[in-house]
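Read the structure below first, then the notes.
The values are calculated or read from the model by the stated rules, or taken from the named source; none is laboratory data. Please read these numbers as outputs of a predicted model, since none were measured by experiment. All Cβ positions, glycine included, derive from the backbone under ideal geometry; neighbour counts span all protein chains shown.
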Amino acid sequence: MKRLILLLILISTATASFSQPYERRVTINPNSGYININELTSGYGLGEAEIDYSKYFYGLTTTHGYELNIYGLGVNSSLSLAGGVGILFYNGGPLFPLYGDLRFASKRKRISPFVFARSGLLINPSDFDMGTRIFINAGAGASYKINDQLEISFCPGLYVQMGNNVYRDAFVDLKIGVVFRP
């Protein structure tokens, strides 16, 4: 009788312990927060280069936003949503970008790959109505981690701009920047 009771207790314990559901939880890092990206950017025109604002550009942009760090499922990644401004000097004069920026990064120990998408307005102060353009910029890059707060980023991409009574122009662009997380 004792053996039967002991066997029933052992079976019920084993059944109860193995019947618990196993869930891999995705957790959000409590260090999610503010992110600042300052970049030197340049681009070389792919189309007709004799038209103003189509041959090349170079300038500085600054992006401020929120980065959400996600851990779980064997992946350490982050998603950032930000807004930015800057100044770009074209072969036809300066334009001022006002844009939104979305980045997804796969976090590694030192070098982390990422993809980005950026879109917004290129404001022309000398001809606001007809000279202002919209742009789309997408690409991929990598960042090198210096410490927990600072990274250096390098990202090539494709940059397309268009507007009222202006041709659609495409550029190959390159950004080198500093990423800061307080």
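General remarks:
- Residue match in segment 83-106 (condition: under 16 Å from the mean Cα position of the chain (by Cα), modelled with pLDDT of 90 or more, of a type in the set (K, R) and surrounded by 18 or more Cβ atoms within 10 Å (Cβ to Cβ)): yes
- Elements of the type strands (runs of 3 or more DSSP E) sitting completely within segment 119-182 and holding at least 1 residues that are under 15 Å from the mean Cα position of the chain (by Cα) and touching a residue at least 60 places away in the same chain (Cβ under 8 Å): these cover 150-163, 166-180.
- Only a single item in (1) modelled with pLDDT of 85 or more; (2) over 22 Å from A142 (Cβ atoms) is not met by T63, and it is number (2).
- Residue in segment 67-75 that is in contact (Cβ under 8 Å) with a residue 60 or more places away in the chain and in contact with a Gly (Cβ under 7 Å, 6 or more places away or on another chain) present: yes
- Inter-residue pairs, beta-carbon under 9 Å, first closer than 18 Å to I123 by Cα and in segment 38-57, second charged (D, E, K, R) and modelled with pLDDT of 95 or more, 6+ apart: T41/D173; T41/K175; S42/D173; S42/K175; G43/D173; F57/D173
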